[in-house]
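Notes follow the structure.
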């Protein structure tokens, strides 16, 4: 997630032309307005890239707001969880953002320790980080689940959106690689991060988007309402796949244990082999987003746009449809992670030493490093 006003760097957006704040209307304008009020900025890349699909944008923002930004649990602890999930999911954009936000909480040593793959000095933070990266039994009481579980699931979703639709550059020129820049960015955001926000203010933005009950881990909290809304609107993106393609993708994700797919394509291509060629590009996009979003390529998106246009006319391969397919795949994986988290089961592929991505690196599309490509 971007915690800084970064979207004047147009190179961040891989495939989507976002709605600019000064041209936004309706639900998009309402979300941007609340972003500006609660985060101190309306231009945040991970939300702008969702703006062609207003319902997805609103539900994503509402979930993040009602888990990470509000409540009684320590913001520092929740940032540790967000950063741990982002490290596990190999999302350098979100790793940089949440390193900066940890700096904003005032714990500069903690921010750099976690980002570098180290173990926090504080035992409580160390337990939260291990849980966020590897899962297993929750290191917190049940009454904290709406915030900690909610934050973890928020970033299982957001990481996938960011990896699929954004570049790795949180800041122009990869300035986020500088420790001094990360620390300075945190100081700029410190007042915003440390203030308390009222719970529930994000819910009017998702009025009418529900349709399913809130999950048990959330109790009767705004986080549960927001999560249910995001599940509903993201699932609607599956309507852009054929019934057979949707079943193939959902079936593959249903047996996923969190492991990053190997460099060979068998894990991703096998479930789709029985589909007609015209149905595979949409299914591949959804499945890649679920299991390995950092492996979505220009060719994957171009193949989908071509088949979508052929079958649905000129608008079939547009930005709104792309966002909806990405959201569908991201939520399939998030729901699977939810099932494993609430059962206390480890996501086996998220332990340290997991396989590298097809592009030859764990966190960076451009380098061979197996750790975040941060400088000093």
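What follows draws every value from the coordinates through simple rules; no lab data is involved. What you see is a predicted model, and the numbers here were worked out from it, not measured in a lab. Here Cβ is always computed from backbone atoms with ideal geometry, including for glycine, and neighbour counts include all displayed protein chains.
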Task: Mean projected area in nm² (Cα convex hull; one quarter of hull surface) for segment 10-235 - done: 11.5 nm²
- [ ] Calculate the spin-label point distance for residue 207 paired with residue 36, positioning each point 7 Å from the Cα along the beta-carbon direction, and give it in nanometres.
- [x] 2.1 nm
- [ ] Pop the C-beta distance of residue 273 and residue 298 into the FRET formula with R0 = 25 Å and round what comes out to the nearest 0.05.
- [x] 0.60
Task: Interatomic Cα distance distribution for segment 208-341, bins of 10 angstrom, percent - done: 12, 42, 31, 13, 1
Task: Separation between Cα centres of segment 108-147 and segment 285-300, rounded to whole Å - done: 28 Å
TODO: Counting only C-alpha contacts under 8 Å and six or more residues apart, can you give the relative contact order of segment 1-135 as a whole percent?
DONE: 24 percent
